[in-house]
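Reading through the structure tokens given below for one structure.
The values are calculated or read from the model by the stated rules, or taken from the named source; none is laboratory data. Quick caveat: nothing in here was measured; it's all calculated off a predicted structure. Note: ideal-geometry Cβ built from the backbone for every residue, glycine included; neighbour counts use all protein chains shown. Accessible surface is based on the protein model in full, side chains and every heavy atom, while ligands, DNA and RNA are left aside. Shrake-Rupley method; radii C 1.70, N 1.55, O 1.52, S 1.80 Å.
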Amino acid sequence: AAGVQGPADSTAAAAPLRLRVSWTSDRRPLRVGDLVTVVVDEQTAARERVSQVAVGNRQQRAHLETDFGSTVDDYAIKTGIQADSRDVGEAGRAAGLTSVITVRVEEIAPNGVAKLRGSKKVTVDGRLQEVTLEGLVRTQDVSPSNAVLSNRIAEAVVTYRGKKIGPRTGILGSILSLLWP
């Protein structure tokens, strides 16, 4: 019986036991190489409003009087420039990115902060889209199901690259679009 392994012995050797952080916690400690699912839900909005009002008013006056005998001639010359300008501008931009990406734990600092990095490539209708993510996360922010929200990642760098979505034009359409805007 010494050389015979039962079913419980073979599974214990195949998968190492992951202990919990504490007896009262559902969380498991993160280790280098572990996979963490990140729910990316980023929204940004920027708005700028510029208003400039300028008023310019310049005048020149010249007055000339002559006295010839009993009649008084009064000559006046006036010139002036009056200019008003008003510039009003408004610019706005909004962007959003929603994705779920699984990344790898690259290193863990002594204070328990884990460095995450990973990418995901998806092809939709022949267009390649790539999402990359890297950043730092506290191990206590990772849920028991090994997931974390992107707003809990410090120094996060989220990059999205994809081909422009729009109608495809042929060679003739491209040439014509150069001639007619």
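A few notes on this one:
- In the set (1) open to solvent by less than 90 Å² (accessible area, probe 1.4 Å); (2) modelled with pLDDT of 90 or more, GLY173 fails one condition alone, (2).
- Any hit, the stretch 143-165, residues being among the polar types (S, T, N, Q), crowded, with 16+ Cβ neighbours inside 10 Å, under 17 Å from the mean Cα position of the chain (by Cα) and not in a strand (DSSP E or B): yes
- Considering residues of the stretch 38-68 that are open to solvent by less than 70 Å² (accessible area, probe 1.4 Å) and farther than 30 Å from SER143 by Cα only, the residue modelled with the highest pLDDT: ALA46
- Selection status of GLU134, open to solvent by less than 60 Å² (accessible area, probe 1.4 Å), in a strand (DSSP E or B), among the acidic types (Asp, Glu) and over 16 Å from GLN43 (Cα atoms): no
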